[in-house]
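Derivation of every value follows stated rules applied to the coordinates shown; laboratory data play no part. All values derive from a computational prediction rather than experimental measurement. Virtual Cβ from ideal backbone geometry, glycine too; neighbours counted across all protein chains shown.
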Amino acid sequence: MKLQNYVRGEWIEGSGPGDALVDPVTGEELARASTQGIDVAAALDFARSKGQDALGKLTYEQRAELLGKMAEVLAANRAEYFRISQLNSGATEADASFDVDGGVYTMKYYSKVGRSLGAGKRLKEGAQVPLSKTGVFAGQHFLMPVRGAAVFINAFNFPAWGFCEKAAAALLSGVPVVVKPATSTAWLTQKMVADIVDAGILPTGAISILCGSARELLDEVREEDVISFTGSAQNAGRIRSHANVLKRSVRVNSEADSINSTLLGPDAAPGSDVFNLFVREVIREMTLKAGQKCTAIRRVLVPRSNFAAVSEAIAAKLGEVKVGNPRNKEVKMGPVVNKTQQASCFEGLKKLKEECSVVFGGSESFQPIDADPAKSAFVQPTLLACEDGASAKYVHDVEVFGPASTLVAYDDLNDAVDIARRGLGSLVASVFSSDPAFLRDLVLGIGDLHGRVMVVDPSVGKEHTGHGNVMPSCLHGGPGRAGGGEELAGLRALLFYHRRFVVQGPPSLLEALSQESVDASLLYA
Ligand code: NAP
């Protein structure tokens, strides 16, 4: 099977052999993807003209209704998406749910909050600014949806959620989307787009998909387009520094990898509720989606006095995790996505082992349940330990994109803050403690270098949303190494797809322009 591309309102197959999509449990080829021979420039033009015209005629409220219909179609096809997730990503039921249900939830969320923007087509920001003594000349700021295409270059680990979270905000803004999922797991995104197209929900040109490498995309983007990239820090840099992107100042949002940390407070004694919640979260983050989450915990910061107790508690729980073929109902953790990712995890672990000891796992010849290690792409859950975080290098820099975390000892609050900051910008950190002063000082010590900080004390207990779980109502993104991007955060996400401009002129004209505008303060409601 070759995945078809959907461009200019029609399904087209790329030429040449394309790249293979495989089952990471059996190693079997499932499909091929190619964008060879696809006229990417024409695809973008079609989206900018046809898609833009049609979406631009609709109000925010009407577009929100379209999102609601898309969510319904996606929810109706959930079982098929789970099947594809298992085949192409080696996903367990919980992994597939995280991606697919997370995506549908996000789409529904934007449909709901988008309705609150009512019948407007653009946003008005603030009041008129007087610019003349007599009042005949004034200024008014507006936020206008961009008149180009929203180009999504997505990572392999969230083929469903990654597509939904970006598409929801762009379409609600009235901007047509051109999605390029990562080739290795493009099947699921392609099926979702196909279901949306078949349901006839969106106007022609509002959605396009390129299944394959499509490297020429960046050469074809223009001033009025926006690029939203999710993937490795290395490729984020490549995209930001692409000559055409730079020359035309194309707006880019980058969601890159990050060396996220979780911290246990010095007050949390072994066996206490907070200690147990912390251990539970580390296990969940290491094993869910086999650790292939940009938000997963990579560094586990623990007071030196409790280092041994935490190591033992996490290692004991990891020993209970059944790893293998997700078709076996007992299995709780599946493989990484393919042999290339497995090799990259092994390479990263080798580096980490240069400065860490192995507490649990770490074997390359580990035997998964119901799978052949020679054909499959498993990585054993691996817990490492680093007692000297200050002089460690790789621990703060190497992202093993799999089920691996490193315990790092800290001595006091300042030390914990310094170590967390060594990630040089992260998507998320979580803190587990019952000490309000410690929590406050820690959050303030790391807040500027993190997109999100999650705090758990006994009053929160198990009711938190999860270290690695991205809520559409809250910010996703992070500074520095994490890409410097911002996504979600409720309707604030629409800012990326709008451009601010000011009109200076007679107040009557400004009033007329305000007629179809909605107050931008609603984005912060
Ligand atoms: P990746 O190798 O950087 O690829 C990401 C996307 O970029 C893919 O669609 C890839 O296409 C495309 N791409 C690569 N080079 C390109 C170029 N020169 N021009 C245009 N497109 C290019 O990342 P990945 O391996 O798919 O994903 C794993 C990484 O993503 C991890 O590091 C993870 O931390 C990060 N991630 C971050 C977030 C976040 O929200 N911050 C979320 C998920 C994942 P092909 O597949 O066709 O090569």
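Summary of computed values
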| item | result |
| --- | --- |
| The stretch 373-505: antiparallel DSSP beta bridges as a percent of all, rounded to 5 | 15 percent |
| Cα lying deepest toward the dipole's positive end in the chain, options 336, 77, 403, charges on Cβ | 77 |
| Dipole in debye (nearest 20) - the stretch 160-299, about Cα centre, beta carbon charges: Lys, Arg +1; Asp, Glu -1 | 340 debye |
| Highest-first arrangement of 492-500, 7-15, where packing means the average Cβ count within 10 Å | 492-500, 7-15 |
| Theoretical FRET efficiency, 1/(1+(r/R0)^6), r = Cβ-Cβ of residue 350 and residue 127, R0 60 Å, to 0.05 | 0.50 |
| Bridge type composition, the stretch 260-476 - antiparallel percent by DSSP, nearest 5 | 10 percent |
| Positive-end extreme of charge dipole, the chain - chosen from 278, 67, 86 (charges on Cβ) | 67 |
| Pair residue 1, residue 97: separation of 7 Å Cα→Cβ label points (nm) | 2.5 nm |
| Convex hull projection area averaged over all views, the chain, Cα basis, nm² | 25.0 nm² |
| Fewest-first sequence of 405, 430, 213, 241 by Cβ atoms within 10 Å of each Cβ | 241, 213, 430, 405 |
| Over the stretch 1-159: Kirkwood hydrodynamic radius from C-alpha pairwise inverse distances, Å | 19.4 Å |
| For 262, 59, order by how many other beta-carbon atoms lie within 10 Å, fewest first | 59, 262 |
| Label-to-label distance, nm, for residues given as residue 234 and residue 474 (7 Å Cα→Cβ offset) | 3.1 nm |
| Straight-distance crosslink candidates among lysines, where the alpha carbon sits under 26 Å from residue 69 and sequence neighbours closer than 8 are dropped | 50, 57, 108, 112, 121, 166, 180, 191 |
| Estimated FRET transfer efficiency (residue 363, residue 327; beta-carbon r; R0 22 Å; 0.05) | 0.40 |
| Theoretical FRET efficiency, 1/(1+(r/R0)^6), r = Cβ-Cβ of residue 198 and residue 412, R0 60 Å, to 0.05 | 0.50 |
| Alpha carbon centroid spacing (whole Å) that separates the stretch 462-525 from the stretch 174-219 | 24 Å |
| Relative contact order of the stretch 354-410, pairs being alpha-carbon contacts under 8 Å that are 6 or more residues apart, as % | 38 percent |
| Positive-end extreme of charge dipole, the stretch 260-476 - chosen from 446, 373, 458 (charges on Cβ) | 373 |
| Charge dipole magnitude, Cβ of K and R +1, D and E -1 - the stretch 332-444, Cα centre, debye nearest 20 | 480 debye |
| Mean Cβ neighbour count within 10 Å, used as a protection proxy, ranking 312-324, 105-117, 38-50 highest first | 105-117, 38-50, 312-324 |
| Under 18 Å from the Cα of residue 393 - lysines, other chains or at least 8 residues apart | 350, 351, 353 |
| Cβ charges +1 (Lys, Arg) and -1 (Asp, Glu), total dipole of the chain, debye | 1180 debye |
| Rel. contact order, % - alpha carbon contacts under 8 angstrom, at least six apart, the chain | 19 percent |
| Highest to lowest packing among 63-76, 247-260, 177-190, scored as the average C-beta count within 10 Å | 177-190, 247-260, 63-76 |
| Normalised contact order of the stretch 1-109, rounded percent, pairs of Cα under 8 Å and 6 or more residues apart | 23 percent |
| Sum of -39500 (n - 2.57) over DSSP H runs of 4+, divided by residues of the chain (222 nm, nearest 500) | -10500 deg cm²/dmol |
